[in-house]
Amino acid sequence: MAELPKFIRPVTAADAEIGHAVTLDTPLTLDCGKTLSPITIAYMTYGTLNAARSNAVLICHALTGDQFAASDHPVTGKPGWWETMVGPGKPIDTDRFFVICSNVVGGCMGTTGPAETNPETGKPYGLSFPVVTIRDMVRAQAMLLDHLGIEKVLSVIGGSMGGMQVLQWAASFPERVVSAVPIACAARHSAQNIAFHEVGRQAIMADPDWKNGTYQLHGTMPAKGLAVARMAAHITYLSEAALQRKFGRNLQNREQISFGFGPDFQIESYLRHQGMTFVDRFDANSYLYITRAMDYFDLAAEQGGTLAEAFHGSKTRFLIVSFTSDWLFPTSENKLVAHALNANAATVSFVEIETDRGHDAFLLDEPEMFTTVRGFLNAVANTVGA
Amino acid sequence: MSLRPDLAAIAEMIPVGARVLDVGCGDGALLEHLATTKQVDGRGIELIQQKVNACVARGLPVMQGDADTDLIEYPAAAFDISILSLTIQATRNPSQVLGQLLRIGRRTIISLPNFGHWRIRVSLLLGGRMPRTQALDYEWYDTPNIHLCTIADFVALAKSNGASIERALALNEAGQTRAMRAEAWGPNILAEGAIFLLHGRH
């Protein structure tokens, strides 16, 4: 018998603490027609569920996020990705609310994804993992809530791809969502956004170490391709003004240009750092799958082309937040969602936060965003007595 | 906190349980008052972010936006009442905004400062400078009130938009109101402002 191949999980999270995890036997039927079974969902919770089970808030993470919204990341040791927003006394106050955040299907922090072992073959899924959608991610989260015995959530909140999940939640399970806060997102992925994702995917697939997605079996990892993908994507999360303000044409640890191709400029060094640190915590195949899920997202298409239909008769209360300098998910896209809701006489608030920090603003210290979210969430909680 | 008298006069015109759109809703004082005293299902539009925040914290659904550009997105007759209080003079296209308000609301309430008030007329006549009043305390070059009008001007605009005036109230500086005949010459000189209840061709 040939020696079994050595499986290497591409993330250093191989033995990292992933928080809670539940393996469900109920198969997850996916939009592509395939099913995933069993399915493991890794998640974190913060705060305490009240007796009436009415204070649950579901947080949906973005493309490269994970369940560690409000606690240190087990791989990087850095604070949770939304610690400015979630925690005791924070806008999403864990002294009052029971916060749940789960890793998406297709992810690489413990939830079933391409890096995990396919029970049918005993090998990592790799490209045999079925293509998942935003709606599949939401279905998995609904299964998790069923498992936790939570029928209704006070709010579903998320930015970017997290915001897409929020919109999908409101469309797929309106009766389970008291309020929804989609931040810096859109009801569909634009051609420009698909284009940037395709650049990232091509960078990964052009890396010889990708090996058609089977790198785990070969003990390699397409780190260079994944880093380039991250660098390209990272530019889209910022704004020209913020780049100019932070870096300008400043040189990196040198007095003059080198007439070479080293990182002469601070911005180059910064991007290289972003790329290099990313590969330590993220799986390349996961990146392919999750970017694809975002590309496929088009809430109106599910409804015969009319976005308003997606929210027909919705009783959910919405707060939509956009940022002035976000060109990845610009205000106009966020407003389209607001207008579709208004056309349905839904209860919707919309705010556009003034900032030069681009799309990433939703993860940063933006006091106006905090004030808005805090006010909205407390008002909703007061109405339902949570 | 008691409601500003002109807003109280507007509130008095609104039936219990109505669906209301308040354009330029500020910090939401009127909408909150209507929600608590008249079970009104209210929505707001407000341009200034901090004021939108104040509304959201009160649990009011408010869109940060602009009357000139955003009203077009609402379906016809989506609301029982659309309101524009002391704002029409600051819009870029008052005729279009009025047309949209009449389309969106089965009825429309508009309040406005009266540029035909005698003190303003006298100020211009004798001072020879663009008038500044307590209600309109700006220099001509930095005023947001780019489309000031008199009561007679507004009545003519309403007519040209096919609106019928159901009620008209004269408004004084303290915000007190009394009924007026919209087309009479008296109020156009004596009233500091006016509130109109209109309906379009629904």
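Side notes on the structure shown:
- Every test in (1) at the interface with chain B (Cβ under 7 Å from one of its Cβ atoms); (2) acidic (Asp, Glu); (3) touching a residue at least 60 places away in the same chain (Cβ under 8 Å) is passed by A:Glu368 save one, and that test is (3).
- Verdict on A:Gly80 being surrounded by 24 or more Cβ atoms within 10 Å (Cβ to Cβ) and assigned to a loop (DSSP other than H, G, I, E, B): no
- Scanning segment B:148-176 for residues that are in a strand (DSSP E or B) and either without any contact (Cβ under 8 Å) to a residue 24 or more places away in the chain or buried (at least 21 other Cβ atoms within 10 Å of the Cβ) (or both) gives B:Ala168, B:Leu169, B:Ala170, B:Leu171.
Listed here are the residues, each with its yes/no results for (1) surrounded by fewer than 15 Cβ atoms within 10 Å (Cβ to Cβ); (2) in contact with a helix residue (DSSP H, G or I) (Cβ under 9 Å, 6 or more places away or on another chain).
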site: A:Asp25; (1), (2): yes, no
site: A:Pro38; (1), (2): yes, no
site: A:Ala42; (1), (2): no, no
site: A:Tyr46; (1), (2): no, no
site: A:Ser54; (1), (2): no, yes
site: A:Ala62; (1), (2): no, yes
site: A:Gly65; (1), (2): no, yes
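- Extreme residue, surrounded by the most Cβ atoms within 10 Å (Cβ to Cβ), among residues of segment A:359-378 that are aliphatic (A, V, I, L, M) and over 14 Å from A:Ile157 (Cβ atoms): A:Ala361
- Residue match in segment A:44-64 (condition: in contact with a Ser or Thr (Cβ under 9 Å, 6 or more places away or on another chain), in the same structural domain as A:Ala21 (by TED's automatic domain parsing), among the charged types (D, E, K, R) and touching a residue at least 60 places away in the same chain (Cβ under 8 Å)): no
- Any hit, segment A:154-167, residues being among the β-branched types (Val, Ile, Thr), in contact with a Phe, Trp or Tyr (Cβ under 8 Å, 6 or more places away or on another chain), crowded, with 22+ Cβ neighbours inside 10 Å and not assigned by TED's automatic domain parsing to the domain that holds A:Val228: yes
- Boolean, A:Ala361 is facing chain B (nearest Cβ under 9 Å), in contact with a Phe, Trp or Tyr (Cβ under 6 Å, 6 or more places away or on another chain) and part of a helix (DSSP H, G or I): no
- Consider segment A:314-350 and keep the residues that are in a helix (DSSP H, G or I) and either crowded, with 23+ Cβ neighbours inside 10 Å or facing chain B (nearest Cβ under 7 Å) (or both). The one that is modelled with the lowest pLDDT is A:Ala343.
- Take the conditions (1) within 19 Å of the chain's Cα centre (by Cα); (2) surrounded by fewer than 20 Cβ atoms within 10 Å (Cβ to Cβ); (3) acidic (Asp, Glu); A:Asp356 misses just one of them, which is (1).
- Test: residue in segment B:115-136 that is in contact (Cβ under 8 Å) with a residue 12 or more places away in the chain, touching a strand residue (DSSP E or B) at 6+ places or on another chain (Cβ under 8 Å) and aromatic (Phe, Trp, Tyr): no
- Residue match in segment B:52-70 (condition: out of contact with any Asp or Glu (no Cβ under 6 Å at 6 or more places or on another chain) and either closer than 20 Å to B:His199 by Cβ or among the basic types (Lys, Arg) (or both)): yes
- Of all the listed residues (A:Phe278, A:Phe259, A:Phe247), the sole one being surrounded by 15 or more Cβ atoms within 10 Å (Cβ to Cβ), farther than 30 Å from A:Tyr215 by Cα and among the aromatic types (Phe, Trp, Tyr) is A:Phe247.
- Within segment B:46-69, considering residues that are over 27 Å from B:Ala156 (Cβ atoms) and touching a residue at least 24 places away in the same chain (Cβ under 8 Å), the one surrounded by the most Cβ atoms within 10 Å (Cβ to Cβ): B:Cys55
- Every residue from segment B:43-55 that is facing chain A (nearest Cβ under 7 Å) and at pLDDT 95 or above: B:Val52
- All conditions in (1) of a type in the set (A, V, I, L, M); (2) more than 24 Å from A:Thr324 (Cβ to Cβ); (3) free of Cβ contacts under 8 Å to residues at least 60 places away in the same chain hold for B:Ile72, with the sole exception of (2).
- Residue within segment B:28-45 that is closer than 26 Å to B:Leu148 by Cα and without any contact (Cβ under 8 Å) to a residue 24 or more places away in the chain present: yes
- Assessment of segment A:190-206 against the conditions (within 22 Å of A:Ala115 (Cα to Cα) and in contact with a Cys (Cβ under 7 Å, 6 or more places away or on another chain)) yields no matching residue.
- Qualifying residue in segment B:17-31 (condition: buried (at least 22 other Cβ atoms within 10 Å of the Cβ) and either facing chain A (nearest Cβ under 9 Å) or in a helix (DSSP H, G or I) (or both)): yes
- Flag if B:Gly59 is modelled with pLDDT of 95 or more, within 9 Å of chain A (Cβ to nearest Cβ) and not in a helix (DSSP H, G or I): no
- Count of segment B:88-118 residues which are crowded, with 24+ Cβ neighbours inside 10 Å, in a loop (DSSP other than H, G, I, E, B) and under 14 Å from the mean Cα position of the chain (by Cα): 1
The values are calculated or read from the model by the stated rules, or taken from the named source; none is laboratory data. Keep in mind that what you see is a predicted model, and the values were worked out from it rather than measured. Positions of Cβ are generated from backbone atoms using ideal geometry, with glycine treated the same way; all protein chains shown enter the neighbour counts.
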